[in-house]
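Here is the structure we will look at.
The values are calculated or read from the model by the stated rules, or taken from the named source; none is laboratory data. Because the structure is a prediction, the values reported are computed rather than measured. Using ideal geometry, Cβ is built from the backbone for each residue, glycine included, and neighbour counts are taken over all protein chains shown.
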Amino acid sequence: MCRHIGYVGVPVPVGEILTRGPHSLRTQSWAPRDMRGGGTINADGFGVAWWGSGPVPVTRYRNADPIWTDPAVEEVLPQLTSPAVLGVVRSATVGMPVQRSACAPFLWDRWAFSHNGVIPRWRSVLTAVLSDLDVAATRAGMTRRYETSHLLEAEALTDSAALWELLRRLLDPEPPAGLAETPGTALRLLVTGVLHHAPDSRVNLLLGDGGGLWATTCYHSLSALITDEFAILSSEPYDDDPRWQPLPDRSLVHAEPGRLSVETLEAGRSTATESLPL
């Protein structure tokens, strides 16, 4: 599938997050250690998003070529500094396009998003999820509609791009009110909806807004490295720092400097927050 990493904390060079450590995200593009049946390399493009203080809250750079072929990773991106970075290397699902518009991160407003996984029969599954959301909104007395036509606005014909169209509507705070009060609620609604219609889906999602990181674990690996100065969520640890913590499957994760919380993702179970030791 893919590998992704999210960082929030003290400002760092953007490119350094992609190359940090002996097992950096760039290294994971050709030598991943924990793909879990989802391919062998991540050579179908890459992308990186970073946050600033200007009129555009989040910016991205994407390339459909392998990350190790792009000189910008060493020559340009290290000259940019940001307190938050989200990077991705892609392994395209068979049958899905290999093109720049299909590379995460996907952006909207202050948000950046990545999906590590696959949704079988994604067109019919995500159409069904949209229908469920629309029914739930109607029952709650909301006037907002979740319509199949929203999927047509996806940047690319991929499950990840279409999934983002659903998630960004759940994140939209503008009236009329939506179904999700928090980013975590939005992720839980979306992932449990997908799993209801396609239990064999792999939906490790990573979301950032420049101040925090939210993620889900469903089949694929994710680890956290938290200090008082920064928080990192990564598909695989980039070094041997003993503070890395593997995160349990079927979890909803929120990370920021000095804080990591993990809740169960499954619907119908208690969702008490677990603050993991740092």
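Residues in the stretch 73-115 that are part of a helix (DSSP H, G or I), within 17 Å of the chain's Cα centre (by Cα) and crowded, with 16+ Cβ neighbours inside 10 Å: Ala102 only.
Within the stretch 116-164, being at pLDDT 90 or above, among the aliphatic types (A, V, I, L, M) and in a loop (DSSP other than H, G, I, E, B) holds for Ile119, Ala154, Ala156, Leu157. Scan the stretch 60-72 and give yes if some residue there is outside any helix (DSSP H, G or I), of a type in the set (Lys, Arg) and either surrounded by 17 or more Cβ atoms within 10 Å (Cβ to Cβ) or within 16 Å of the chain's Cα centre (by Cα) (or both), otherwise no. Checked against the condition, which is being outside any helix (DSSP H, G or I), of a type in the set (Lys, Arg) and either surrounded by 17 or more Cβ atoms within 10 Å (Cβ to Cβ) or within 16 Å of the chain's Cα centre (by Cα) (or both), the stretch 60-72 yields at least one hit.
Select from the stretch 78-111 the residues that are of a type in the set (A, V, I, L, M, F, W, C), in contact with a Phe, Trp or Tyr (Cβ under 7 Å, 6 or more places away or on another chain) and over 25 Å from Thr40 (Cβ atoms) and list them in ascending order.
Going through the stretch 78-111, the residues of a type in the set (A, V, I, L, M, F, W, C) turn out to be 80, 84-86, 88-89, 92, 94, 96, 98, 102-104, 106-108, 111.
So of that shortlist, the ones also in contact with a Phe, Trp or Tyr (Cβ under 7 Å, 6 or more places away or on another chain) come out as 80, 84-85, 88-89, 103-104, 106.
Of everything in the stretch 78-111, those that are of a type in the set (A, V, I, L, M, F, W, C), in contact with a Phe, Trp or Tyr (Cβ under 7 Å, 6 or more places away or on another chain) and over 25 Å from Thr40 (Cβ atoms) turn out to be Leu80, Ala84, Val85.
Examine the stretch 192-215 for a residue that is more than 21 Å from Gly47 (Cβ to Cβ), touching a helix residue (DSSP H, G or I) at 6+ places or on another chain (Cβ under 8 Å) and aromatic (Phe, Trp, Tyr), and state whether such a residue exists. Steps first, please.
Keep residues of the stretch 192-215 that are more than 21 Å from Gly47 (Cβ to Cβ), which gives 192-201.
Still in the running and touching a helix residue (DSSP H, G or I) at 6+ places or on another chain (Cβ under 8 Å): 193-194, 196-198, 201.
Among the residues that remain, those that are also aromatic (Phe, Trp, Tyr) are: none.
No.
Look through Ser223, Ser251 and report the one residue that is more than 30 Å from Leu130 (Cβ to Cβ) and surrounded by fewer than 21 Cβ atoms within 10 Å (Cβ to Cβ). Exactly one of Ser223, Ser251 is more than 30 Å from Leu130 (Cβ to Cβ) and surrounded by fewer than 21 Cβ atoms within 10 Å (Cβ to Cβ), namely Ser223.
The condition of being crowded, with 21+ Cβ neighbours inside 10 Å, more than 13 Å from the chain's Cα centre (by Cα) and within 29 Å of Arg139 (Cα to Cα) holds for only one of Leu265, Leu207, Leu190, Leu179, that being Leu265.
Would you be able to say whether some residue in the stretch 59-73 is within 22 Å of Gly208 (Cα to Cα) and in contact (Cβ under 8 Å) with a residue 60 or more places away in the chain? Checked the stretch 59-73: no residue is within 22 Å of Gly208 (Cα to Cα) and in contact (Cβ under 8 Å) with a residue 60 or more places away in the chain.
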